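The values are calculated or read from the model by the stated rules, or taken from the named source; none is laboratory data. This one's a predicted model, so the numbers in the text were calculated from it and none came from an experiment. Please note: Cβ atoms are built from the backbone with ideal geometry, for glycine as well, and neighbour counts cover all protein chains shown. For accessibility, only protein heavy atoms count, side chains too; no ligands or nucleic acids. Shrake-Rupley method; radii C 1.70, N 1.55, O 1.52, S 1.80 Å.
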Amino acid sequence: MLAALLLAASTAHAQKNIADDELDRATGTRMQVRSVFDPLPTSGYAPIRVVATNGTGRNARWDFAFHSQTQNYRAQNQHHSNFALDVAARSTQSALFLVPQAVSYGDRSQANGDHALRVEVTGTGFADRQHHDHDNRVAGYPAVAISAGLAEYSIVALNKEVESKLRSAGGYYGGRADLFGSQFEPEDLPESWLGFSGFDFTLLSSTDWQKVKPAVRRALLEWVRLGGHLHFYLSPGATAASLGLPEGESTGKQLTSLGKITVLGWDGKKLPASETVNRYWGAAKRAENLTVSHAIASDWPLLAQLGTRSFASWQVLVFLVIFGVLVGPVNLFVLAPAGKRHKLFITTPLLSIGASIVMVGLILIQDGTGGTGRRFIAINLEPGEAAAYVTQEQISRTGVLFSAGFEMKQPVLIEPVALPDTPWVKLKSTNTSQPVNLTLEERERRGNFFQSRAEQGQVLRAAVSTRSRLELKAGAAPGDAPTLISALGFTVDELFYQDAAGGHWRLKEPLSTGQSATLVPTDDRAQRLWREAAVNAGERSLREQINSAITSQKSCFIAKTRSAPGFTLDTLPAIRWQEDQIVVFGPVAQP
């Protein structure tokens, strides 16, 4: 118990303390809730550390309900989540909860507005407690996580430099003192990539890297492979090789799947404010890909593939006119004429019920039930890590939904995307956008991820454990056509391969799992044109990431398949997904 409390005391100074309650002085029962990152990220998941001490003689269970809410004018988006922690009698238990953060949709100012995090704690034999945390989010700058060691002598100057740039750009900073980024202690970082999902960049020093647990190092690599940017600042005397980074990536010259690892130098004490801020100023911001719909409109072909459909508002107008005539003149002068006005108490409700039934029938006939949609799925296989990194973009149009809740089979980040304004769209990047209200409880997702008679888009990301791979058959003589053996678990229809010498090859006919195929020669232009067409359905930034990942390495492949069981991230069962467009890419396992 003492060790846990000392650990909490040693790390809390770089974290946001949300609650520190003494629940029972006589027994020493207390509860501490704090965020690993200070301030909280503006999207994704926030890792929240809970340290609970149960000094009583009975086992206890605490339930935690987190409510993340943006507080912009007319755009109060919410994301609720629930967790539980069991603590044995006379013991201390620590847990890290990944709490989803409400995203500031519907706000186009430089400041993302106020954000409130409320946590409700209920426990066995103790009074319920509520705690609140508030901060003022800032847009116009990437989401950066910086270690306390790097920030110690630099953060004041870095914050002032960001403030100056925001002022020059006409932005609003709201009196914030933490504009550059969120601070953290390396020892308390999460062991899941989801804990870094709210950030564009994570900054560590070479000293910090020595403090990071192996499981955290794996989580950071997974986050990078899914699009994150990890920056190492080496103090004098430190080398990239001493950090144990993969060859090539240690020099900062090679991409790591969809993201990148970069090694930079510093003097071991202060980061130069102007140079450092300029490094991140103007970089792509993941939150904008979710919230700025005008960028999506021209750069997301998947949206165009869904097609357009009339909202048929004229039918509603005709129905209202007919209903008005029936419930008014017809009802008043035919069904319940003078002298029989008492019949209005019967005819009016009957007409209303009948009209409701007709309206429901018309909606069901016109829109049907469930919905249809399109998906683009990018699967990055990394056989050396026994993992696949899945990025899935999807757009759907629904009719009548009888249930909007669904379960996810694996840990996944699913984020709604603001779409261009049409009669079918309810989530858009304007102040008239419908508020987002989402709930996470274990595997279940509820809220308005999906709504009846609406168009909605989401981006999903997940790291999936797998032994799937393509292997290069041994024994081929130099210059001979390579033979690939499939252990993918699904059939690929088309495939291009670039060997270690830079030669280009393609698949002649579909390759099933467990089978082998000898490739035929092709050239770089054919491969490039095919690849660009294969990834064309994806949003622009994802297309660029995939193309960069393929062109930056040798002995790698990219393939198309119509189905990839075990890798497709299924959401609402009522949606009928049409013609999934799936690309698979990554290194080929060597014999």
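Where q = 0.18 Å⁻¹, what log10 of I(q)/I(0) comes from the Debye formula for the stretch 43-140, counting one point per Cα? Debye intensities relative to I(0), on a log10 scale: -0.82. For the chain, the mean residue ellipticity at 222 nm estimated from helices alone is -6500 deg cm²/dmol, where every DSSP H run of n ≥ 4 contributes -39500 (n - 2.57) and the total is divided by all residues, rounded to the nearest 500. The residues of the stretch 393-434 present an accessible area of 38 Å² per residue when probed at 1.4 Å with all protein chains retained. The lysines within cross-link reach of Lys270, meaning a Cα-to-Cα straight distance under 16 Å and a gap of 8 or more places when in the same chain, are Lys160.
Quick check: at a probe of 1.4 Å, how many percent of the accessible area of the chain sits on carbon and sulfur atoms?
On the way: 13700 of 25810 Å².
Whole-percent figure for carbon plus sulfur exposure: 53.
Taking 1 over the mean of 1/r across every pair of different Cα atoms in the chain, what Kirkwood radius in Å do you get? Numbers along the way, then the final one.
Numbers: mean 1/r = 0.0373 Å⁻¹.
Its Kirkwood hydrodynamic radius stands at 26.8 Å.
Would you please classify the overall shape of the stretch 390-445 from the alpha carbon gyration tensor, given that a ≥ b ≥ c denote the square roots of the eigenvalues, rounded means a/c under 1.5, and beyond that prolate means a/b larger than b/c while oblate covers the rest? Prolate is the answer for the stretch 390-445, as a/c is 1.5 or above and a/b outweighs b/c.
Based on alpha-carbon centroids, what's the gap between the stretch 553-591 and the stretch 199-219 in Å, whole number please? Cα centroid to Cα centroid, the span is 29 Å. By the rule of a C-alpha distance below 27 Å, with chain neighbours fewer than 8 residues away ignored, the lysines paired with Lys554 are Lys253, Lys260, Lys473, Lys508. Distance from the Cα centroid of the stretch 340-401 to that of the stretch 405-472 is 15 Å (rounded to whole angstrom).
Model label sites at Arg525 and Ala476, defined 7 Å from Cα along the beta-carbon direction, differ in position by 2.4 nm. For the stretch 505-552, taking Cα atoms only, Rg and Dmax work out to 12.9, 34 Å respectively. The label point for Met359 and the one for Asp20, both projected 7 Å from the Cα toward the Cβ, are 5.6 nm apart.
For Leu332 and Gln78, calculate 0.36 nm times their separation in residues minus their Cα-Cα distance, and state this gained length in nm to one decimal.
Numbers: separation 254, 0.36 × 254 = 91.44 nm, distance 4.71 nm.
So the chain would gain 86.7 nm between Leu332 and Gln78.
Kirkwood hydrodynamic radius (Cα pairs, Å) of the stretch 427-516? That comes to 17.9 Å for the stretch 427-516.
Pulled fully out, how much extra length does the chain show between Asn547 and Thr568, if you take 0.36 nm times their separation in residues and subtract their Cα-Cα distance?
Values: separation 21, 0.36 × 21 = 7.56 nm, distance 2.10 nm.
Length gained between Asn547 and Thr568: 5.5 nm.
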